[in-house]
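K.L.:
The structure that follows is given in the form of structure tokens.
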Amino acid sequence: MRVLAVFAVAMAMTMSFIPATVAAGEFTLESFFAGKTQAQGSFSAINGVRRSFAVDLVGRWDGKTLKLREDFVFDDGTRDRKTWRFVKTGPSSYRGTREDVIGETNVRLSGNVARFTYVVYLDPARKKNKVRFHDTMTLRPDGTVLNNALVTKFGLPVAITRVEFARR
């Protein structure tokens with residue numbers, strides 16, 4: 001239990017360093033992710049599991065929906081492909097789906113920050129290990145996007161993920 005408490009405090013401190021606004025301007029999913037993007041990321045769980053990965057993304061915007069294909073390559077050579085579909089529902093909101101997401105997510109934008117949560121099975125083939133991701137994406141002054149996500153199970157923090165996106 002002490003490990004969980006330390007982890008929760010560390011996550012709270014990490015999330016507090018994310019600026020609410022940056023001079024980089026307004027952030028929209030379609031303005032950043034339409035076209036080609038590359039990312040580097042990591043996943044760290046409280047049970048000691050650590051994975052690094054690279055992602056090549058291709059986004060297509062049709063005026064209402066952003067289709068965002070993500071091709072992952074993990075440090076052990078494993079490959080995966082996921083495709084988000086974000087439908088713009090207002091000037092600062094989207095509804096999103098992905099093949100492994102249970103239900104849908106609602107994305108809310110405020111300035112240079114996008115926030116959303118979604119539920120997935122980490123073992124989708126057997127429908128085991130259901131967790132919730134709490135993503136905070138921040139457009140930074142250098143034009144990159146940083147995504148910090150807290151992963152919870154039964155409301156308790158179990159992992160963090162950090163992904164840095166850059167346009168190509």
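K.L.:
What aspartates and glutamates sit close enough to residue 128 to cross-link, taking a C-alpha to C-alpha distance under 13 Å and skipping anything fewer than 8 places away on the same chain?
P.N.:
By straight Cα distance, residue 128 reaches 100.
K.L.:
On C-alpha positions alone, give me the angle between the axis of helix 2-16 and the longest principal axis of the chain, in degrees, nearest 10.
P.N.:
Helix 2-16 sits roughly 20 degrees off the main axis of the chain.
K.L.:
Setting aside same-chain residues fewer than 8 positions from residue 67, which aspartates and glutamates have a Cα under 13 Å from its Cα?
P.N.:
Within the straight-line cut-off, residue 67 pairs with 30, 99.
K.L.:
When Lys and Arg each count +1 and Asp and Glu each count -1, what net charge do the other residues less than 15 Å away from residue 39, Cβ to Cβ, add up to?
P.N.:
Charge balance in the 15 Å sphere: +2.
K.L.:
How big is the Cα convex hull of the chain in projection, averaged over all directions, in nm²? Mind dumping the intermediate values first?
P.N.:
Numbers: hull surface 39.5 nm².
If you wrap the Cα atoms of the chain in a convex hull and average its projections, you get 9.9 nm².
K.L.:
Continuing with this model, one more query. Assuming 0.36 nm per residue, please report the length gained on full extension of the stretch residue 75 to residue 101 beyond their Cα-Cα distance.
P.N.:
Values: separation 26, 0.36 × 26 = 9.36 nm, distance 2.32 nm.
Length gained between residue 75 and residue 101: 7.0 nm.
K.L.:
Could you list 46, 160 in order of exposure, starting from the residue whose Cβ has the fewest other Cβ atoms within 10 Å?
P.N.:
Values: 46 16, 160 20.
So the residues, fewest neighbours to most, are 46, 160.
K.L.:
May I ask for the net charge around residue 154, where only other residues with Cβ less than 15 Å from the Cβ of residue 154 are counted and Lys, Arg are +1 while Asp, Glu are -1? Don't skip to the answer; put the middle values down first.
P.N.:
Values: positive: 128, 130, 132, 153; negative: none.
Neighbour charge sum, excluding residue 154 itself: +4.
All of the numbers you see were taken from the coordinates with simple rules; none came from a lab. The shown structure was predicted, so the numbers you read here are calculated from the model rather than taken from an experiment. In this analysis, Cβ positions are derived from the backbone assuming ideal geometry, glycine residues included, and neighbour counts consider all displayed protein chains.
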